[in-house]
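Colleague: Submitted below is the structure of interest, expressed as structure tokens.
The values are calculated or read from the model by the stated rules, or taken from the named source; none is laboratory data. Everything quoted here is computed from the prediction, not taken from an experiment. No Cβ is skipped: glycine too gets one built from the backbone with ideal geometry, and neighbour counts run over all protein chains shown.
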Amino acid sequence: MSAVRSEPAAREPSLRVMTVGQLDAVLAIEVQAYAFPWTRGNFIDSIAAGYLARVLVGNDGELIGYFVAMPGFEEMHLLNVTVSSRHEGQGHARRLLAELYALSASFAATAVWLEVRESNARARALYLRDGFTEAGRRRDYYPAPAGQREDAILMTRLLVREEPR
């Protein structure tokens, strides 16, 4: 008689509410990802203000990515979404965005808005694939090297609302 051993199914990374205790790991990703990263204070202020802040954590406890979004009247404004360079290209950004869309429903949001650097072609392509459209431009929105400024592309994505039955 032979026994067939099957490997346990790999668990998906889990989404959790971002806490101040996770900020060292968040900032490690943030400073690696951006030339002009958010500060610890930016994250603390966002958490204290009650913004939506979530982290994606692997089965081994490693922080994979995160997002911060600010609710508004019938809209959600995505302020920051970042995936660790070790985990890019594995669908984690789309998972974070999907969580944002689901959470936005509890705020009666009908749309998500964001700004993205004009030079960030990879992020812009992700947003376009995920249903965002370009809605405008914010001139000189972001800091850039050598004291310069860079335009932001304003993008929006309408959220589908389910009608009550």
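Colleague: Looking at this structure, is Phe67 among the aromatic types (Phe, Trp, Tyr) and either crowded, with 18+ Cβ neighbours inside 10 Å or part of a helix (DSSP H, G or I) (or both)? Step through it out loud before you land on a result.
Modeller: Values: among the aromatic types (Phe, Trp, Tyr): yes; either crowded, with 18+ Cβ neighbours inside 10 Å or part of a helix (DSSP H, G or I) (or both): yes.
Against the criterion (among the aromatic types (Phe, Trp, Tyr) and either crowded, with 18+ Cβ neighbours inside 10 Å or part of a helix (DSSP H, G or I) (or both)), Phe67 qualifies.
Colleague: Name the one entry in Arg54, Arg16 that is assigned to a strand (DSSP E or B), of a type in the set (Lys, Arg) and within 15 Å of Leu97 (Cβ to Cβ). Full working, then the answer.
Modeller: Values: Arg16 fails: within 15 Å of Leu97 (Cβ to Cβ).
The unique qualifying residue is Arg54.
Colleague: Just a yes or no: is a residue in segment 24-43 β-branched (Val, Ile, Thr), outside any helix (DSSP H, G or I) and exposed (fewer than 15 other Cβ atoms within 10 Å of the Cβ)? Explain how you work it out, then say what you get.
Modeller: Keep residues of segment 24-43 that are β-branched (Val, Ile, Thr), which gives 26, 29, 31, 39.
Within this subset, residues satisfying the condition of being outside any helix (DSSP H, G or I) are 39.
Filter once more, keeping what is exposed (fewer than 15 other Cβ atoms within 10 Å of the Cβ): 39.
Scanning segment 24-43 turns up at least one residue that is β-branched (Val, Ile, Thr), outside any helix (DSSP H, G or I) and exposed (fewer than 15 other Cβ atoms within 10 Å of the Cβ).
Colleague: Specify which of the listed residues (Ala146, Ala111, Ala123) is surrounded by 13 or more Cβ atoms within 10 Å (Cβ to Cβ), over 17 Å from Thr82 (Cα atoms) and among the aliphatic types (A, V, I, L, M).
Modeller: On the way: Ala146 fails: surrounded by 13 or more Cβ atoms within 10 Å (Cβ to Cβ); Ala123 fails: over 17 Å from Thr82 (Cα atoms).
After applying the criteria, what remains is Ala111.
Residues checked against (1) at pLDDT 95 or above; (2) more than 26 Å from Ala28 (Cβ to Cβ):
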| position | (1), (2) |
| --- | --- |
| Ser85 | no, no |
| Leu100 | yes, no |
| Thr110 | yes, yes |
| Arg117 | yes, no |
| Leu126 | yes, no |
| Asp140 | yes, yes |
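Colleague: Whether any residue in segment 6-13 is charged (D, E, K, R) and modelled with pLDDT under 85 is what I want to check.
Modeller: Taking every residue of segment 6-13 in turn, at least one turns out to be charged (D, E, K, R) and modelled with pLDDT under 85.
Colleague: Same structure again: If you take the residues of segment 73-85 that are touching a strand residue (DSSP E or B) at 6+ places or on another chain (Cβ under 8 Å) and of a type outside the set (Val, Ile, Thr), which of them is surrounded by the most Cβ atoms within 10 Å (Cβ to Cβ)?
Modeller: Filtering segment 73-85 for residues touching a strand residue (DSSP E or B) at 6+ places or on another chain (Cβ under 8 Å) gives 74-84.
Restricting the remaining residues to those that are of a type outside the set (Val, Ile, Thr) gives 74-80, 84.
Numbers: Glu74: 12, Glu75: 17, Met76: 25, His77: 18, Leu78: 23, Leu79: 17, Asn80: 20, Ser84: 20.
Per the stated criteria, the residue is Met76.
Colleague: Next up: Inside segment 125-165, can you point out the residues that are more than 19 Å from Val68 (Cβ to Cβ) and within 16 Å of the chain's Cα centre (by Cα)?
Modeller: Result: Ala125, Leu128, Arg129, Gly131.
Colleague: Which of the residues that make up segment 100-116 are aliphatic (A, V, I, L, M) and touching a residue at least 24 places away in the same chain (Cβ under 8 Å)? Spell out how you get there, then give the answer.
Modeller: Narrowing segment 100-116 to residues aliphatic (A, V, I, L, M): 100, 102-103, 105, 108-109, 111-112, 114, 116.
Correct list: Leu100, Leu103, Ala105, Ala108, Ala109, Ala111, Val112, Leu114, Val116.
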